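Participant: I have a structure here, written as structure tokens, and I will follow up with some questions on it.
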Amino acid sequence: MKAVLIILGIVVVVIVIVSGRAMGGYNQLVTERNDIQARWAQVDNDMKRRADLIPNLVETVKGYAKQEQTVIGEVANARAALLGAHSKQDEITANNQLSGAIGRLLVLQENYPQLKSNENFLRLQDELAGTENRIAVDRRDYNEAIKKYNTDVELFPKNIVASIFNFHRDDAYFQTPEEEKKVPQVKF
């Protein structure tokens, strides 16, 4: 009888330990998933700020660069795609298009020296540069949160908890588009 009680006690202790680890793993995965959502919300917030700044920048540039309607149209179209995105992946794609279009828009200042000295343009350019820096930091933090979550979803023993509670990899990473990876040509 004593041996049965000892075995029963050991089984209960093992069950308590295993279920405690499972609950801890579950709670950590929930926390990480919520962290991803919070970080995405911050990226989304900064992209909205940038989208709000763009019309002012475009209007300022339009006054100086009437013949540069193609670039201005690209910015407007990319902004519209960002605002109309329906998923994280759509937002990431539209955001990458918008980044490229903004880069081309800012290059216009080289062709229009009087635009460089325009106070509105300089202020908007500074605000946009600050926002771009925030977005870059937020993207990095978001990607790191996804990496940590994906690692925990795949590592043993949390992968067992993840499969039981239906946690899956999240592959909505921000990545640099191929056209932005090209080395820029500098001409003097």
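Participant: Report, to one decimal in Å, the Kirkwood hydrodynamic radius for region 2-174 based on all distinct Cα pairs.
Facilitator: Numbers: mean 1/r = 0.0519 Å⁻¹.
After inverting the pairwise mean of 1/r, the radius is 19.3 Å.
Participant: In percent, how large is the relative contact order of region 2-174, given Cα pairs closer than 8 Å and 6 or more residues apart?
Facilitator: Details: 118 pairs, mean separation 55.8, N = 173.
For region 2-174, the relative contact order is 32 percent.
Participant: May I ask you to compute the full-extension gain from Gln28 to Gln89, defined as 0.36 nm times their residue separation minus their alpha-carbon distance, rounded to one decimal in nm? Present the calculation step by step, with values, prior to reporting the outcome.
Facilitator: Values: separation 61, 0.36 × 61 = 21.96 nm, distance 2.49 nm.
Result for the pair: 19.5 nm of gain on full extension.
Participant: If each of Ala38 and Val137 carries a label point 7 Å out from its Cα toward its Cβ, how far apart are those two points in nm?
Facilitator: A separation of 1.7 nm, rounded to one decimal place.
Participant: Next up: Taking R0 as 22 Å, what FRET efficiency do you get between Lys48 and Val107 from their Cβ-Cβ distance, rounded to the nearest 0.05?
Facilitator: The formula returns an efficiency of 0.35 here.
Participant: Still on this model: With each pseudo-label sitting 7 Å past Cα toward Cβ, what's the Asp171-Asn56 distance in nm, one decimal?
Facilitator: 4.0 nm
Each reported figure results from applying straightforward, stated rules to the coordinates on display, with no laboratory input. Because the structure is predicted, anything quoted here is derived from the model rather than measured. We place every Cβ from the backbone using ideal geometry, glycine too, and count neighbours over all the protein chains shown.
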